[in-house]
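See below for the structure under consideration.
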Amino acid sequence: MTTTDREDFSKECVLDLDTALSTGSLELETYVEESTRRLDAIARLATRGELVDRESREWMLNQVDFIVETIGQEGLELDDELRSNLLQFLLSIANLNEHIRHQNALNL
């Protein structure tokens, strides 16, 4: 069993967009997999009622910016599975963000 260190998911996980686009979708697939694991670690904290720190929320917002920028690239062709995975990841961020906001409102 692998345990997730609290610092592990707060590290940056945004690809250089130019590099990612030139190397193909394999790097984007890896990005989605690794970022999803980090997001899951943050979600586990939130589910246990622990407060999600500012760095983790910043990381989440950086991922949103990256995905929007990636999808908005003219001429970028992503297969259906990768597009679906990016969308699922984006929706997971949105859902977790809403959960965190709700949790913070209850703690006030």
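Worth pointing out:
- Cα-based shape type of region 39-91, given that a ≥ b ≥ c are square roots of the gyration tensor eigenvalues and the cut on a/c is 1.5: oblate
- Taking the centroid of alpha carbons for each part, region 24-44 and region 48-108 are 11 Å apart.
Every number here is computed from the coordinates shown, using simple stated rules; none is lab data. Because the structure is predicted, anything quoted here is derived from the model rather than measured.
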